[in-house]
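**Student:** One structure, as structure tokens, below. Some questions next.
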Amino acid sequence: MTAMTQGPCRELDTSLTSKPDPERDHCWEFSRNSLKGETPVKKLYVGNLPFSVTEENIRTEFANFGIHADSITIVRDRDTGQPRGFGFIEIADDGAAEKAIASLNGKDLMGRALIVNEARPQAARRDGGGRGGYGGGRGGRRY
């Protein structure tokens with residue numbers, strides 16, 4: 001299937017088996033997302049969360065302001081499973097996301113003032129994660 005568009009993306013192969021053309025990658029992304037019916041989602045950072053908070057507490061707080069959260073993720077410690085005090089909310093409507101930032105930033109939730117702002121892109125990891133380095137530094141021989 002080929003979609004015809006105006007501008008630099010005149011003819012675009014939208015089949016799922018084709019690879020995007022690097023010179024027209026932005027066109028391919030736009031067409032691929034519009035073909036799937038996806039809408040851009042705004043991701044918000046929510047910080048200073050109480051450690052006892054649940055996804056339902058956050059959903060209710062957003063709903064009190066008429067904001068529908070598409071997904072809520074509370075970040076947890078990988079070893080203990082305890083909440084780390086922050087999370088991410090995805091909202092499909094840009095206007096609702098801006099309203100959430102304006103309404104909920106600084107708002108009290110269970111005794112803590114929330115920090116709500118637009119999430120920054122995740123930083124790329126260098127070595128694929130881990131707590132690496134070359135180790136050592138303790139013990140060993142002394143001269």
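**Student:** Name the residues in region 67-78 that are under 19 Å from Asn48 (Cα atoms) and either surrounded by 15 or more Cβ atoms within 10 Å (Cβ to Cβ) or among the aliphatic types (A, V, I, L, M) (or both), would you?
**Tutor:** Matches in region 67-78: Ala69, Ile72, Ile74, Val75.
Listed here are the residues, each with its yes/no results for (1) of a type in the set (A, V, I, L, M); (2) over 20 Å from the mean Cα position of the chain (by Cα); (3) assigned to a helix (DSSP H, G or I); (4) at pLDDT 50 or above.
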site	(1), (2), (3), (4)
Asn33	no, no, yes, no
Glu38	no, no, no, yes
Leu44	yes, no, no, yes
Phe51	no, yes, no, yes
Glu56	no, no, yes, yes
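**Student:** Any chance region 119-134 includes a residue that's surrounded by 11 or more Cβ atoms within 10 Å (Cβ to Cβ) and either modelled with pLDDT under 95 or not basic (Lys, Arg) (or both)?
**Tutor:** Yes; the residues of region 119-134 include at least one that is surrounded by 11 or more Cβ atoms within 10 Å (Cβ to Cβ) and either modelled with pLDDT under 95 or not basic (Lys, Arg) (or both).
**Student:** Follow-up. Which one of the conditions (1) farther than 14 Å from Tyr45 by Cα; (2) in a strand (DSSP E or B); (3) of a type outside the set (S, T, N, Q) does Ile72 fail to meet, given that it meets all the rest?
**Tutor:** (1)
**Student:** For region 58-67, check the following and say yes or no: at least one residue is assigned to a strand (DSSP E or B), among the hydrophobic types (A, V, I, L, M, F, W, C) and modelled with pLDDT of 95 or more.
**Tutor:** No, there is no match, as no residue in region 58-67 is assigned to a strand (DSSP E or B), among the hydrophobic types (A, V, I, L, M, F, W, C) and modelled with pLDDT of 95 or more.
**Student:** Next up: Out of Gly81, Gly111, Gly85, Gly95, I need the residue that is loosely packed, with under 10 Cβ neighbours inside 10 Å and without any contact (Cβ under 8 Å) to a residue 60 or more places away in the chain. Which one?
**Tutor:** Gly81
**Student:** In this structure, does Lys19 turn out to be more than 21 Å from Gln122 (Cα to Cα) and either modelled with pLDDT of 95 or more or surrounded by 14 or more Cβ atoms within 10 Å (Cβ to Cβ) (or both)?
**Tutor:** Judged against the criteria, Lys19 is not a match.
The values are calculated or read from the model by the stated rules, or taken from the named source; none is laboratory data. This one's a predicted model, so the numbers in the text were calculated from it and none came from an experiment. Quick reminder, even Gly has a Cβ in these numbers, built from the backbone with ideal geometry, and neighbours come from all protein chains shown.
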